[in-house]
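The block underneath contains the structure these notes are about, expressed in structure tokens.
The values are calculated or read from the model by the stated rules, or taken from the named source; none is laboratory data. These numbers come from a predicted model, not from an experiment. Reconstructed Cβ throughout: ideal geometry from the backbone, glycine too, with neighbour counts over all protein chains shown. Quick note on the areas: whole protein, heavy atoms, side chains included, nothing else; ligands and nucleic acids left out. Shrake-Rupley method; radii C 1.70, N 1.55, O 1.52, S 1.80 Å.
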Amino acid sequence: MKVRVNNIFESIQGEGRYIGTPSLFIRTSGCNLTCSWCDTNIKIKKELTVEELTQVIKDSTKNTVVWTGGEPTLQNKPISEVIDKIDRNNHLETNATNIENSFLEKFDYIAFSPKEKVDAEKIHGSKLDTEYDVKVVTDLNEVGTNLIEYASILMPLTTGNQERDMKCKKRVWKYCIEKDIQYSPRAHIDVWRDREEKELKKH
Ligand SMILES: Nc1nc2[nH]cc(C(=O)O)c2c(=O)[nH]1
Ligand code: SF4
Ligand SMILES: [Mg+2]
């Protein structure tokens, strides 16, 4: 069995509860959603066998493996096989469309980023025996506002317009104080923007 991968790279977790943690990122290919603002390259660049991917992870000194996408849960069988063969902290980034506890409980931590209310509601209703967060990107005006009630972490929307982005960060920051919600920067975007981070990639 093979895992379709867009790319594999070592970086610093740029957002969320484990922000700052040196990690090996595995960006799987393919997604079941087509968000209009999606800027993630999810094309298939390579297909690795379970054994090959296991070896790539064992060759990395990083203790945390972040499975992201695309949508990793579309490949839950081969990914489960890899996880069973490695001894790392496995973190998952998922859009929450595919809540299947037997797969999700393979992970040490899950960051759900639902795009639709129905998916956010399913997370709420699931009796998941794994540490998780619901991360929502918002500008508090239009983007993400219908998901805020489900969020345990809020992140400010980045547009590339510095003045506008700074206003948004301050707005979300103040809102998080008022509502007692955890605020997360998006450090990889602040430091590298998305494009430059790709240049750091190794595999
Ligand atoms: N540094 C860094 N941290 C991240 N955390 C989540 C990411 C993602 O694209 O899922 C990501 C990413 O692409 N880069
Ligand atoms: S869920 Fe994420 S990867 Fe999939 S289309 Fe939306 S933004 Fe892109
Ligand atoms: Mg990204």
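When each of 43, 58, 77 is tested for being farther than 23 Å from residue 108 by Cβ and open to solvent by 70 Å² or more (accessible area, probe 1.4 Å), the lone residue that passes is 43. Residue count for region 160-202 satisfying the condition of being touching a residue at least 24 places away in the same chain (Cβ under 8 Å), over 19 Å from residue 143 (Cα atoms) and away from ligand 3 (no atom under 16 Å from the Cβ): 1.
For residue 11, the criteria (1) surrounded by 14 or more Cβ atoms within 10 Å (Cβ to Cβ); (2) under 27 Å from residue 121 (Cα atoms) hold in every case but one, which is (2). Checking each residue in region 109-131 for being of a type in the set (Asp, Glu) and surrounded by fewer than 16 Cβ atoms within 10 Å (Cβ to Cβ) picks out 116, 121, 129, 131. Just one of the numbered conditions (1) within 16 Å of ligand 3 (Cβ to nearest atom); (2) touching a Lys or Arg at 6+ places or on another chain (Cβ under 7 Å) is not true of residue 135: (2).
Might you let me know whether region 148-167 holds any residue that is open to solvent by 50 Å² or more (accessible area, probe 1.4 Å) and either within 21 Å of residue 67 (Cα to Cα) or in contact with a strand residue (DSSP E or B) (Cβ under 7 Å, 6 or more places away or on another chain) (or both)? No: region 148-167 contains no residue that is open to solvent by 50 Å² or more (accessible area, probe 1.4 Å) and either within 21 Å of residue 67 (Cα to Cα) or in contact with a strand residue (DSSP E or B) (Cβ under 7 Å, 6 or more places away or on another chain) (or both). Scanning region 1-42 for residues that are among the small types (Gly, Ala, Ser), in a loop (DSSP other than H, G, I, E, B) and either within 12 Å of ligand 3 (Cβ to nearest atom) or in contact (Cβ under 8 Å) with a residue 60 or more places away in the chain (or both) returns 14, 16, 20.
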